[in-house]
Amino acid sequence: MSRLGRVAALAAMLLAMVAAPAGAHAGNPNYRSILHGLTPNVPGLQVQVLDYDGELQMTNRTGHTIEVLGYQGEPYARLLPDGTVQVNERSPALYLNEDRYGTTPVPSSANASAPPIWRTQDRTGRFEWHDHRIHWMSTSLPPRVTNTKQRTRIFDFSVPLRDGTQRASLTGTLFWVGSPSSFPIAAVIALGALVLLAIVVVVLVRRRRAGGGAGGAGGPEGGAPVEPTAAGAGDVPAAAAVPASAKEAW
């Protein structure tokens, strides 16, 4: 592939990334999921919200096993004392959490009442997951939002955990905060990428034409030297001259 082709392909990939729809777990900047804490407190367990209302991140430094329970109270995930993080392949929550609105089909093998089948996900001691309990499950405005420019409490939430045999809850509140600006940032980024692509293509095309027009050391086609014209021995024929547009470009 030519250099021009590679640049064009790279720019096309950039545009595709900009124009791509938001990821399945992407948060909504109009909302904020605010955590209040753990009840009762679990020393060494840290939890935070990522991407406005998009995901929860839990880090286990307690020295014992912490379980996150699913929507039917089943074991969904667990963080072991040695940093191993596992998910239960029989938990319906494992599949429902694949997208923001819980539309991923749950396989028949998933059964909240069945004994867990644990699959190791990583060994960092940190678990990130999308949880439907902390965000608004609709593309429509919540009924409580009567003024989109006003901060509004939507609901309080609770995510159940298990610390050994002790139950605990991660509590918080979902707020509508409204978009900080209606300015179409994504559209501006896409337009900027198009302009960048156009500039790169124009520059490369002009450079190629300028190089081709100048010819090789012996003449326009690298052959015999060009004979001087009547205009004078130092004059260069128009066919070998650098285009005025290329001079302006540089």
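Coordinate-derived values only; no laboratory data. Computed from a prediction, not measured in an experiment: that's the story for all the values here. Heads up, the Cβs are rebuilt from the backbone with ideal geometry, glycines too, and the neighbour counts pull from every protein chain shown.
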In percent, what relative contact order does the range 30-176 have, based on Cα pairs under 8 Å that are 6 or more apart in sequence? 30
Cβ-based exposure ranking for 31, 76, in which fewest neighbours within 10 Å come first: 31, 76
With the 8 Å Cα cutoff and a minimum separation of six or more residues, the range 49-104 has a relative contact order in percent of 21
Using Cβ contacts closer than 10 Å as the measure, can you line up 91, 169, 113, 158 from fewest to most? 113, 158, 169, 91
Provide Rg and Dmax in Å for the range 30-176, with only Cα atoms included in the calculation. 15.7, 48
Nearest 5 percent is fine: what portion of the DSSP beta bridges confined to the range 44-138 is antiparallel? 100
Relative compactness, the range 99-147, computed as alpha-carbon Rg over 2.2 N^0.38 Å: 1.67
